[in-house]
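Trainee: Below you'll find the structure I mean.
Every number in this text was worked out from the coordinates using simple rules, so none of it is lab data. All of these numbers come straight from a predicted model, not from anything done at the bench. Here the Cβ positions follow ideal geometry from the backbone for every residue, glycine too, while neighbour counts run over all protein chains shown.
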Amino acid sequence: MGLFGSGGSTASVAHIKGCYTSESVPGRTISKSFGLVEVTQKGVAGDIPERSETIFNSLLSVAEALGANAVVNVRVVTGSYQQQGSGWQYSYVIAYGDAVILA
């Protein structure tokens, strides 16, 4: 299920190869760590489930640019804020994790 998917016909399902929420991957070893990588997407009001795959693919792309082939310890933070003088709420999603090479 994708971010905030509630099941049924509104569910968002994605499998992003290379992104893992655990600190290790069974049967694989971490041979090199590149440190923390992060992706922020702003203005995602109402369509977070549809953007979840894009967010995680972007996170993996940042890691691959460093030479990594995976991201472990993936976490997601969401929030919203009101821009000063505006009556609108703006939402954001921050995805982050450790860029690594899995052997």
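Trainee: At 0.36 nm per residue, minus the direct Cα-Cα distance, what do Y81 and K32 gain on full extension? Give it in nm, one decimal, please.
Mentor: Gain on extension, Y81 to K32, equals 13.9 nm.
Trainee: Please give me, ordered by residue number, the trypsin sites (Lys or Arg not before Pro) of segment 25-103 that lie in loop per DSSP and have at most 16 other Cβ atoms within 10 Å.
Mentor: Values: sites: R28, K32, K42, R51, R75; in loops: R28.
Here the sparse-neighbourhood loop sites are R28.
Trainee: Another question, then. Once the principal axes of the Cα atoms of segment 50-103 are found, what is the range along each, listed largest first in whole angstroms?
Mentor: Extents along the principal axes: 50, 18, 17 Å.
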